[in-house]
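To start, the structure itself, in structure tokens.
The values are calculated or read from the model by the stated rules, or taken from the named source; none is laboratory data. Quick caveat: nothing in here was measured; it's all calculated off a predicted structure. Cβ coordinates were reconstructed from backbone atoms using ideal geometry, including for glycine residues, and neighbour counts include every protein chain displayed. What goes into the accessible areas is simple: the full protein's heavy atoms, side chains included, and nothing from ligands, DNA or RNA. Shrake-Rupley method; radii C 1.70, N 1.55, O 1.52, S 1.80 Å.
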Amino acid sequence: MLNLNLVGLYIGMLIGGCFLLFAIIRYKKVPEFLEIVVIILSCTGVVIGLHLGFVASTIPDKELGKLATHRVPVVLGALAVIWTSIGSIYKTCKQSIDNLTS
């Protein structure tokens with residue numbers, strides 16, 4: 001069975017590694033470790049948010065149980081996680097590049 005937590009973590013590590021390589025090749029400097037970690041965890045948040053939103057919007061009511069009446073707030077929460085994570089990735093990358101160029 002596919003573990004989406006690990007998939008999200010692997011995608012985050014791939015994107016974080018790509019950003020690290022970009023910074024090393026382009027600016028000849030290494031970004032701070034914390035910035036790479038934020039990118040990795042935010043990418044994981046995007047993947048998990050997408051999965052939660054998909055499951056909450058497509059699963060039948062009888063399988064959701066008591067959460068069936070809360071389908072809309074769960075989907076909105078998933079969208080909030082996705083939005084926040086993407087914003088965090090953008091902000092962290094921009095701030096890291098600004099720090100590398102100064």
task: Could you run through segment 32-65 and say how many residues are out of contact with any Cys (no Cβ under 9 Å at 6 or more places or on another chain) and surrounded by 13 or more Cβ atoms within 10 Å (Cβ to Cβ)?
output: 22
- request: Six or more apart or on different chains, Cβ under 6 Å: which pairs go from a residue in segment 34-60 that's polar (S, T, N, Q) to one that's part of a helix (DSSP H, G or I)? Could you list them?
  value: S42/S85; S42/S88; S42/I89; T44/G8; T44/L9; T44/G12; S57/V75
query: What are the pairs, 6+ residues apart or on separate chains, where a residue within segment 77-102 that is free of Cβ contacts under 8 Å to residues at least 40 places away in the same chain has its Cβ under 6 Å from a residue that is open to solvent by less than 50 Å² (accessible area, probe 1.4 Å)?
result: A78/G49; A78/G53; V81/G45; V81/G49; I82/V46; I82/G49
query: Cβ-Cβ below 7 Å, separation at least six or inter-chain, first residue in segment 1-15 and in contact (Cβ under 8 Å) with a residue 12 or more places away in the chain, second open to solvent by 90 Å² or more (accessible area, probe 1.4 Å): which pairs?
result: G12/L41
query: Looking at A68, is it farther than 22 Å from N5 by Cα, open to solvent by less than 80 Å² (accessible area, probe 1.4 Å) and small (G, A, S)?
result: yes
query: Quick one: would you say Y10 is more than 27 Å from G65 (Cα to Cα) and in contact with a helix residue (DSSP H, G or I) (Cβ under 6 Å, 6 or more places away or on another chain)?
result: no
field: In segment 71-94, the residues that are among the aliphatic types (A, V, I, L, M) and either open to solvent by less than 80 Å² (accessible area, probe 1.4 Å) or in contact with a strand residue (DSSP E or B) (Cβ under 6 Å, 6 or more places away or on another chain) (or both)
entry: V74, V75, A78, A80, V81, I82, I89
message: Any residue that is out of contact with any His (no Cβ under 9 Å at 6 or more places or on another chain), exposed (fewer than 14 other Cβ atoms within 10 Å of the Cβ) and in a helix (DSSP H, G or I) - is there at least one of those in segment 95-102?
response: yes
- request: Identify all residues within segment 1-30 that are open to solvent by less than 100 Å² (accessible area, probe 1.4 Å) and hydroxyl-bearing (S, T, Y); write none if there are none.
  value: Y27
